[in-house]
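K.L.:
Provided herewith is a single structure, encoded as structure tokens, for subsequent inquiry.
The values are calculated or read from the model by the stated rules, or taken from the named source; none is laboratory data. Just so we're clear, the structure is a prediction, and the values are computed from it rather than from any experiment. Cβ atoms come from the backbone with ideal geometry, glycine included; neighbour counts cover every protein chain shown.
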Amino acid sequence: MKYVPHIKDIPSPSLDELERFVRGRSCAVLTGAGCSTESGIPDYRGPETKRRARNPITYQEYVRDEATRARYWARSAIGWPRFRAARPNDAHRALAALEEAGHVNGVITQNVDRLHHAAGSRRVIELHGALAQVRCLECGEIEHRDSLQERILALNPGWDAEATEIAPDGDVDLPEDATQGFCVPQCRRCHHGQLKPNVVFFGENVPKPTVARAFSLLDDADALLVVGSSLAVYSGYRFVKKAAACDKPIAIANLGQTRGHPHADVVIEGLASDILTRLTAQLS
Ligand code: NAD
């Protein structure tokens, strides 16, 4: 399931500079949606973004409006089986290998797809949570998304609507009227709380303990390597600012411009899978 056919002809960049950057150092790695596009999960701000532009749901809309929540879960019910079917690509596997070899001390990811875990990375901080979990906003109960999927389908038998392609949030685009009459399950423990995917929505803050753990991972590292992120979202960009403020060297491997470019010592433009696989080979 490759999502990025339009960029398959991107030339392989020289990695000598990046190899010199990583060799002899322990790097904290910050990953974004670009690390998972080659697993079939779209990003927000990649080369194709305009064609797929959509407004992500905000936390405020979600908690305020019942119809918004119904629409979210109706779309998610179709999107989840596709999202959970995504498998790690060579970029995820290379990062796990670089950790194993001591070149990487851990991954701070903005992604909610758990693909770093699936690839074997051991120290992973999920800044924005994981779509595989659902949380009750009332009692805090955590339920696995697969279990909720069963309850959704029991409440909405035969729920299937025409879907196009999977969206960055792990759901699908559906016409407004296609989601009418959809029943949203309630918390399985308290039986009245609203359920929310255990991810940080736009308009919500990353929990403070998560930020603290991520800063500590960066503190323990000699340098910061950013992979596949536009850094447009502040919660990721702050690690570039912190690294720059502490005089830690910064490298960026990404397709296209990022907000971190002015701070970077090394910038490599290309596909994350290609760059990281060859980097791993060159280092070993
Ligand atoms: P972004 O969409 O803003 O930026 C992605 C960047 O990666 C772009 O610059 C794009 O050109 C680049 N890119 C795309 N494919 C690439 C590839 N194969 N190799 C190298 N670079 C590639 O993503 P972001 O900075 O992570 O911010 C988006 C937010 O949305 C995140 O905070 C995240 O929580 C969420 N999100 C998560 C997922 C996921 O879990 N997989 C997917 C989409 C969005």
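K.L.:
Inspect the range 203-217 for any residue being within 16 Å of the ligand (Cβ to nearest atom) and among the aromatic types (Phe, Trp, Tyr) and give the result as yes or no.
P.N.:
So far as the range 203-217 goes, no, none of its residues is within 16 Å of the ligand (Cβ to nearest atom) and among the aromatic types (Phe, Trp, Tyr).
K.L.:
Would you be able to tell me the number of residues in the range 242-276 that are farther than 20 Å from ASP16 by Cα and either surrounded by fewer than 20 Cβ atoms within 10 Å (Cβ to Cβ) or within 8 Å of the ligand (Cβ to nearest atom) (or both)?
P.N.:
Summing the residues that are farther than 20 Å from ASP16 by Cα and either surrounded by fewer than 20 Cβ atoms within 10 Å (Cβ to Cβ) or within 8 Å of the ligand (Cβ to nearest atom) (or both) in the range 242-276 gives 9.
K.L.:
Of all the residues that make up the range 137-195, how many are of a type in the set (A, V, I, L, M), away from the ligand (no atom under 16 Å from the Cβ), modelled with pLDDT under 90 and buried (at least 18 other Cβ atoms within 10 Å of the Cβ)?
P.N.:
Residues flagged as of a type in the set (A, V, I, L, M), away from the ligand (no atom under 16 Å from the Cβ), modelled with pLDDT under 90 and buried (at least 18 other Cβ atoms within 10 Å of the Cβ) within the range 137-195 amount to 1.
K.L.:
Of the numbered conditions (1) at pLDDT below 95; (2) buried (at least 21 other Cβ atoms within 10 Å of the Cβ), VAL107 satisfies every one except a single condition; which is it?
P.N.:
So VAL107 meets the others, but not (1).
K.L.:
Tell me, yes or no, whether the range 5-25 has at least one residue that is small (Gly, Ala, Ser), closer than 30 Å to ILE152 by Cα and modelled with pLDDT under 90.
P.N.:
Scanning the range 5-25 turns up no residue that is small (Gly, Ala, Ser), closer than 30 Å to ILE152 by Cα and modelled with pLDDT under 90.
K.L.:
Just for the range 222-241: of the residues that are out of contact with any Cys (no Cβ under 6 Å at 6 or more places or on another chain) and surrounded by 22 or more Cβ atoms within 10 Å (Cβ to Cβ), which one is nearest to ARG20 (Cα to Cα)?
P.N.:
It comes out as LEU224.
K.L.:
Where in the range 171-284 are there strands (runs of 3 or more DSSP E), lying fully within it, with 2 or more residues that are closer than 21 Å to HIS103 by Cβ?
P.N.:
Here the list reads 223-227, 250-254, 266-269.
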